[in-house]
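The values are calculated or read from the model by the stated rules, or taken from the named source; none is laboratory data. The shown structure was predicted, so the numbers you read here are calculated from the model rather than taken from an experiment. Note: ideal-geometry Cβ built from the backbone for every residue, glycine included; neighbour counts use all protein chains shown.
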Amino acid sequence: MNPVVEVRGLSRRFGDTMALDEVTFALRPNVIYGLLGRNGAGKTTLMQILTGQQFVSTGTVRVMGSAPLENDAALAQTCFVRENQRYPDWFKVMHALRAASYLFPRWDQDYADSLVDDFRLPRSRQVRKLSRGTLSAVGVIIGLASRAPLTFFDEPYLGLDAVARQLFYDRLLADYAEHPRTVVLSTHLIDEVADLVEHVLLLDRGRLVLDEASDHLRGQVVTVTGPSAAVQSFAADRTELHRTSIGPVTRATLRGAVDEQTKAFADRLGLRVEPASLQQLVVSLTGGPAMDHGSKESLR
Amino acid sequence: MTTIAIDRAPRTGLPLSRVVTVARVLLANWPAALGFPLGIMGTSFAINVLIFGAVGDAIGNAPTGGLGSLYVVQLIVCWQGLYQHFSFAVGLNATRRSYYLAAVLVALAQSLLFGLFLYACRFIEHATGGWGVNLRFFDPLPLTHSASPVTILVYTVPLVLVSTAGIFFGSVNRRWGPMGIFVLSVLTIVILGGLAALVTYLNDWPEVGSWFARSWLSLTIGWSLIPTVLAAVGGWLVLRRAVP
């Protein structure tokens with residue numbers, strides 16, 4: 001099947017900063033992608049370029065087979081809902097939804113109405129008077145009801161409570177099962193979406209450092225916790241991605257599957273071996289000193 | 001299970017239907033888009049009726065400048081409309097080109113609609129003896145005296161000018177933020193002030209004045225098209241590189 005998105009050697013420079021640096025990947029139809037990375041990694045810039053909103057410095061981008069910039073036919077099949085989605089001051093919720101219904105050829109009004117009820121959205125309230133979480137819900141509803149073949153959610157749920165976030169995940173999965181499409185979900189709440197995303201794209205300082213199926217990743221990275229000397233010995237002939245220590249205890253994130261024999265060896269050393277969560281993997285691959293605090297927290 | 005089919009999307013020319021679609025987005029809350037300029041003008045009109053009713057014949061059949069409020073508000077509405085809808089429509093999935101053409105299309109339609117409305121009001125004003133209080137609100141200028149349909153253009157064409165000026169300001173505002181508006185304001189003052197200084201230096205004010213007096217009609221519905229087109233083209237050149 002033809003890819004929905006093809007990106008080759010894509011770079012975007014802002015002054016001295018390389019927001020994106022020689023990024024190459026493809027997005028297949030009907031897959032939920034997780035686009036992960038720290039703040040400033042280039043996630044939003046990448047999504048803006050794929051939706052024709054931002055300009056390319058070098059490289060090529062194809063969306064539905066053609067360049068997205070100023071391409072009405074290609075962009076009509078995309079939807080980009082961002083964290084700070086803006087609405088005109090004079091729009092009420094119903095105007096925002098009505099306007100969105102015009103923009104997206106596959107808009108489903110019945111579905112939008114049911115989502116408005118699910119999220120308890122006040123249709124006749126002015127958008128600028130909504131709370132942060134309710135404002136996010138408007139964007140989430142537009143993104144879901146658009147049924148765009150290529151839908152981007154950029155941190156769509158800022159301020160949404162846990163119940164509403166779960167509602168979003170549930171509705172997304174259910175609708176995706178009925179109407180498969182390509183969804184790119186960019187978020188910092190990695191653990192929450194770990195079971196949702198089928199494929200992970202990880203950006204770090206503008207470079208694509210991971211482009212793998214989630215299932216494949218799960219067995220490939222483990223965390224080993226125990227006495228520092230034992231961890232040191234266990235990790236000696238493995239690729240170590242990350243290490244944190246608190247007193248005599250060390251936790252290391254290691255690449256490579258662990259077989260039964262190795263597990264027995266770890267047991268003898270008094271080590272606990274666990275498959276790394278997606279969040280641990282992301283922290284390991286992209287975490288500099290600033291992330292150590294978070295890693296220590298998760299050790300406790 | 002319904003798979004959402006992905007249409008291969010070859011680069012094509014501008015689909016007119018997409019411009020119309022985006023125009024509908026701009027008018028999603030059309031009562032606000034139309035009502036705001038008319039509401040402000042209506043308020044100005046009501047105040048004028050009250051004043052003329054109170055004063056009686058003391059000020060005779062003097063024209064008022066209240067109609068100017070519509071033109072000022074139309075400029076602000078087009079400015080804010082372009083600025084705010086851009087983030088919404090282009091942010092979701094519209095192209096800049098479709099968005100800009102839709103904004104110009106809506107401004108043209110609004111101007112024509114308002115022009116026809118003012119023309120109708122002008123007739124009512126004449127038929128009712130100035131709304132019963134000898135008020136000249138919709139016919140304040142020699143140019144608006146004529147009952148000819150050309151008067152529709154006298155109302156409409158300047159509305160198109162202020163609309164495109166608003167679209168241009170909105171584009172500058174969108175692309176460069178408040179600093180863009182600041183620089184634009186300074187440039188406008190420098191250019192207009194420079195022209196005024198030049199005329200003063202050449203001692204040509206009487207000639208300029210009489211030229212204006214002679215050419216009101218052609219200035220209003222002819223020459224004003226030059227800055228209108230410049231503003232519309234300039235706005236596009238600015239907005240085509242703006243990012244939502």
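Considering only segment A:65-75, I want to know if a residue exists there that is touching a residue at least 24 places away in the same chain (Cβ under 8 Å), assigned to a loop (DSSP other than H, G, I, E, B) and over 23 Å from the mean Cα position of the chain (by Cα).
yes
Condition test on A:LEU241, is it outside any helix (DSSP H, G or I) and of a type outside the set (Ser, Thr, Tyr)?
yes
Tell me which residues, restricted to segment A:171-191, are modelled with pLDDT under 95 and surrounded by fewer than 18 Cβ atoms within 10 Å (Cβ to Cβ).
A:HIS188, A:LEU189, A:ASP191 - these are the residues of segment A:171-191 that are modelled with pLDDT under 95 and surrounded by fewer than 18 Cβ atoms within 10 Å (Cβ to Cβ).
Please verify whether B:GLY65 is assigned to a helix (DSSP H, G or I), exposed (fewer than 14 other Cβ atoms within 10 Å of the Cβ) and either small (Gly, Ala, Ser) or away from chain A (no Cβ under 14 Å) (or both), treating the condition exactly as stated.
When the stated conditions are applied, B:GLY65 does not pass them.
Do any residues in segment B:5-32 that are more than 8 Å from chain A (Cβ to nearest Cβ) and outside any helix (DSSP H, G or I) have Cβ atoms under 6 Å from those of residues that are surrounded by 17 or more Cβ atoms within 10 Å (Cβ to Cβ) and at pLDDT 55 or above, where the two are at least six apart or on different chains, and which pairs are they?
B:LEU27/B:ALA33
If the requirement is being in contact with a Leu (Cβ under 9 Å, 6 or more places away or on another chain) and either modelled with pLDDT of 95 or more or among the small types (Gly, Ala, Ser) (or both), which of these qualifies: B:LEU108, B:LEU113, B:LEU143?
B:LEU113
If we keep just the residues of segment A:82-122 that are aliphatic (A, V, I, L, M) and more than 8 Å from chain B (Cβ to nearest Cβ), which is farthest from B:LEU82 (Cα to Cα)?
Only one residue tops the list, namely A:LEU115.
Residue pairs, Cβ under 9 Å, 6 or more apart or interchain, first in segment A:272-288 and in contact (Cβ under 8 Å) with a residue 12 or more places away in the chain, second buried (at least 22 other Cβ atoms within 10 Å of the Cβ) and part of a loop (DSSP other than H, G, I, E, B). List them.
Matching pairs, first to second residue: A:LEU278/A:VAL197; A:SER284/A:ALA276; A:THR286/A:ALA41.
In segment A:156-168, is there at least one residue being within 13 Å of chain B (Cβ to nearest Cβ), under 20 Å from A:VAL183 (Cα atoms), crowded, with 19+ Cβ neighbours inside 10 Å and basic (Lys, Arg)?
No, that holds for no residue.
Regarding segment A:27-38, can at least one residue be identified that is more than 15 Å from the chain's Cα centre (by Cα) and farther than 17 Å from A:THR151 by Cα?
Checked segment A:27-38: no residue is more than 15 Å from the chain's Cα centre (by Cα) and farther than 17 Å from A:THR151 by Cα.
When you look at A:GLY34, is it away from chain B (no Cβ under 11 Å) and either surrounded by 17 or more Cβ atoms within 10 Å (Cβ to Cβ) or more than 23 Å from B:THR95 (Cβ to Cβ) (or both), yes or no?
Yes; evaluated as a whole, the condition is true for this residue.
Is there a residue being away from chain A (no Cβ under 14 Å), over 13 Å from B:GLY166 (Cβ atoms) and crowded, with 23+ Cβ neighbours inside 10 Å anywhere in segment B:101-110?
No, segment B:101-110 contains no residue that is away from chain A (no Cβ under 14 Å), over 13 Å from B:GLY166 (Cβ atoms) and crowded, with 23+ Cβ neighbours inside 10 Å.
When A:CYS79 is evaluated against the numbered criteria (1) facing chain B (nearest Cβ under 10 Å); (2) in a loop (DSSP other than H, G, I, E, B), which criterion, by number, is the only one it fails?
Unmet for A:CYS79, out of (1) facing chain B (nearest Cβ under 10 Å); (2) in a loop (DSSP other than H, G, I, E, B): (2).
Facing another protein chain (nearest Cβ under 9 Å), over 27 Å from B:LEU16 (Cα atoms) and at pLDDT 95 or above - does that describe any residue in segment A:46-55?
no
I'd like the full set of residues that are assigned to a strand (DSSP E or B) and either closer than 28 Å to A:ALA162 by Cα or of a type in the set (Ser, Thr, Tyr) (or both), limited to segment A:190-209.
Listed by number, the residues that qualify are A:HIS199, A:VAL200, A:LEU201, A:LEU202, A:LEU203, A:ASP204.
Being closer than 25 Å to B:THR144 by Cα, surrounded by 18 or more Cβ atoms within 10 Å (Cβ to Cβ) and at pLDDT 85 or above is true for just one of B:VAL25, B:VAL77. Which residue is that?
B:VAL77
Filter segment B:43-53 for residues that are of a type in the set (Gly, Ala, Ser) and touching a helix residue (DSSP H, G or I) at 6+ places or on another chain (Cβ under 9 Å); which is nearest to B:GLY91 (Cα to Cα)?
Applying the filter and picking the extreme gives B:SER44.
Would you point out the residue of segment B:140-182, among those that are outside any helix (DSSP H, G or I) and polar (S, T, N, Q), that is surrounded by the fewest Cβ atoms within 10 Å (Cβ to Cβ)?
B:SER148
What pairs come out if I take residues in segment A:117-129 that are of a type in the set (Ser, Thr, Tyr) and pair them with residues that are surrounded by 13 or more Cβ atoms within 10 Å (Cβ to Cβ) whose C-beta lies under 8 Å away, six or more apart or interchain?
Once the first residue is of a type in the set (Ser, Thr, Tyr) and sits in segment A:117-129, its partners that are surrounded by 13 or more Cβ atoms within 10 Å (Cβ to Cβ) give A:SER124/A:LYS92; A:SER124/A:VAL93; A:SER124/A:MET94.
Which of the residues spanning segment A:144-165 are touching a residue at least 40 places away in the same chain (Cβ under 8 Å) and among the basic types (Lys, Arg)?
If the condition is that a residue be touching a residue at least 40 places away in the same chain (Cβ under 8 Å) and among the basic types (Lys, Arg), then A:ARG147 is the only one that fits.
So, in segment B:94-106, exactly how many residues are farther than 11 Å from B:ARG18 by Cα and not small (Gly, Ala, Ser)?
Qualifying residue count, segment B:94-106: 5.
All but one of (1) away from every other protein chain (no Cβ under 14 Å); (2) within 20 Å of the chain's Cα centre (by Cα) hold for A:GLY15, so report the exception by its number.
So A:GLY15 meets the others, but not (2).
Specify the residue that is farthest from the other protein chains (Cβ to nearest Cβ); the eligible residues are those in segment B:111-134 that are surrounded by fewer than 16 Cβ atoms within 10 Å (Cβ to Cβ) and over 24 Å from the mean Cα position of the chain (by Cα).
Top of the filtered list is B:GLY129.
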